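Read through the structure below, which is laid out as structure tokens, and then see the notes.
The values are calculated or read from the model by the stated rules, or taken from the named source; none is laboratory data. Keep in mind it's a predicted model, so treat the numbers as computed, not measured. Counting neighbours? That spans all protein chains shown, and the Cβs are built from the backbone with ideal geometry, glycine included. Note: accessible area is taken over every heavy atom of the protein model, side chains too, but ligands, DNA and RNA are not part of it. Shrake-Rupley method; radii C 1.70, N 1.55, O 1.52, S 1.80 Å.
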Amino acid sequence: MLIETFPVGPLGCNCSILVDPATRSAVVIDPGGDFEAIQGKLERAGATVASIVHTHTHIDHVGATAPLARWSGAPARIHEADRFLYELLPVQAALIGVDLPEVCEVEGDLVDDAAVTAGGIELQVLHTPGHTPGSLSFVLRTPEGPVAFTGDTLFRRGIGRTDLWGGDSQAIFLSLRRKLMTLDDATRVVTGHGPGTTIGEERRANPFLRRG
Ligand SMILES: [Zn+2]
Ligand SMILES: [Zn+2]
């Protein structure tokens, strides 16, 4: 399994490309910007995109979604509870001071415990609301152990902000405790921005997850 994660767009959103080596079928997580860079990596891997999925629809995570969907023909998929944020992209663009990205049809079909498949790839969908109402995490089982893509819900030594549209601090703590912190300590974590970590490391050292 090829897993490549790289920062895209002005806010450095981590975009991940997963490619099944046998079928060259691929999933793209959070194409937040820099469409040409994403396209180039997919072309070099000989990959065909089966699904474009989003941990949430803040503007920095969807900047290259429309051109990628048009070029690849793959569906752009979100949790339905984040659709209002996709419709608020002009407001998000004005607030952050970035250009308004092109938009496309998005399917709100990613629900808790669904599976996203592409060849031999199977991503388990976890609904982890709080940073946004439709925030998702994705868990990939690999021979080297599980990998969780947590978007802006869990960072290395931090958690996502909950002061933006639909943010809910109680909900994010429940998502962390009931969903992400039930994963094995060895689970590698690809975060929405910045360095990766593991579930075990955050369980021990993340100041937002220590109780008391
Ligand atoms: Zn966000
Ligand atoms: Zn973000």
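Count, please, the residues in the range 72-90 that happen to be part of a strand (DSSP E or B) and within 16 Å of ligand 2 (Cβ to nearest atom).
Going through the range 72-90 one residue at a time, the tally reaches 1.
Taking the criterion of being within 15 Å of His79 (Cα to Cα) and away from ligand 2 (no atom under 11 Å from the Cβ), the residues of the range 134-148 that qualify are Gly134, Leu136, Ser137, Phe138. Regarding Gly46, is this residue in contact with a Lys or Arg (Cβ under 7 Å, 6 or more places away or on another chain) and part of a loop (DSSP other than H, G, I, E, B)? Yes. Checked against the criterion of being closer than 18 Å to Arg210 by Cβ, open to solvent by less than 70 Å² (accessible area, probe 1.4 Å), within 12 Å of ligand 1 (Cβ to nearest atom) and not acidic (Asp, Glu), the candidates Gly151, Gly167, Gly160 yield just one match: Gly160.
Within the range 52-75, residues that are more than 16 Å from ligand 1 (Cβ to nearest atom) reach partners that are part of a loop (DSSP other than H, G, I, E, B) with beta carbons closer than 6 Å, at six or more positions or on different chains, in the pairs Ile52/Ala74; Ala66/Glu102; Ala66/Val103; Ala66/Cys104; Leu68/Pro31; Ala69/Cys104.
Is it the case, given these coordinates, that Glu87 is more than 15 Å from ligand 1 (Cβ to nearest atom), surrounded by fewer than 16 Cβ atoms within 10 Å (Cβ to Cβ) and over 21 Å from Leu174 (Cα atoms)?
Details: more than 15 Å from ligand 1 (Cβ to nearest atom): yes; surrounded by fewer than 16 Cβ atoms within 10 Å (Cβ to Cβ): yes; over 21 Å from Leu174 (Cα atoms): yes.
Judged against the criteria, Glu87 is a match.
Would you check if Arg188 is open to solvent by 60 Å² or more (accessible area, probe 1.4 Å), in contact with a strand residue (DSSP E or B) (Cβ under 7 Å, 6 or more places away or on another chain), in contact (Cβ under 8 Å) with a residue 24 or more places away in the chain and closer than 21 Å to Gly12 by Cα? Considered against the rule, which asks whether it is open to solvent by 60 Å² or more (accessible area, probe 1.4 Å), in contact with a strand residue (DSSP E or B) (Cβ under 7 Å, 6 or more places away or on another chain), in contact (Cβ under 8 Å) with a residue 24 or more places away in the chain and closer than 21 Å to Gly12 by Cα, Arg188 comes out as yes.
Condition first: among the hydrophobic types (A, V, I, L, M, F, W, C), in contact (Cβ under 8 Å) with a residue 60 or more places away in the chain, open to solvent by less than 30 Å² (accessible area, probe 1.4 Å) and in contact with a Phe, Trp or Tyr (Cβ under 8 Å, 6 or more places away or on another chain). Can you find one or more residues in the range 108-119 that meet it? Give the steps one after another, and end with the answer.
First pass over the range 108-119, keeping only residues among the hydrophobic types (A, V, I, L, M, F, W, C): 110-111, 114-116, 118.
Next cut, in contact (Cβ under 8 Å) with a residue 60 or more places away in the chain only: 116, 118.
If we keep only those that are open to solvent by less than 30 Å² (accessible area, probe 1.4 Å) as well, we get 116, 118.
From the residues that got through so far, the ones that are in contact with a Phe, Trp or Tyr (Cβ under 8 Å, 6 or more places away or on another chain) too are 116.
Yes, the range 108-119 has at least one match.
Restricted to the range 154-182, and to residues there that are in contact with a Leu (Cβ under 7 Å, 6 or more places away or on another chain) and within 14 Å of ligand 2 (Cβ to nearest atom), the residue that is nearest to Ile17 (Cα to Cα) is Leu154. Taken over the range 26-71, the criterion of being surrounded by 18 or more Cβ atoms within 10 Å (Cβ to Cβ), closer than 16 Å to Val103 by Cβ and more than 16 Å from ligand 2 (Cβ to nearest atom) is satisfied by Phe35, Ile52, Ala66, Leu68, Ala69. The set of residues in the range 185-197 that are more than 9 Å from Ala148 (Cα to Cα) and over 14 Å from the mean Cα position of the chain (by Cα) comprises Asp185, Ala186, Pro195, Thr197.
When the test is whether a residue is open to solvent by 40 Å² or more (accessible area, probe 1.4 Å), out of contact with any helix residue (DSSP H, G or I) (no Cβ under 7 Å at 6 or more places or on another chain), basic (Lys, Arg) and away from ligand 1 (no atom under 12 Å from the Cβ), Arg203 does not pass it.
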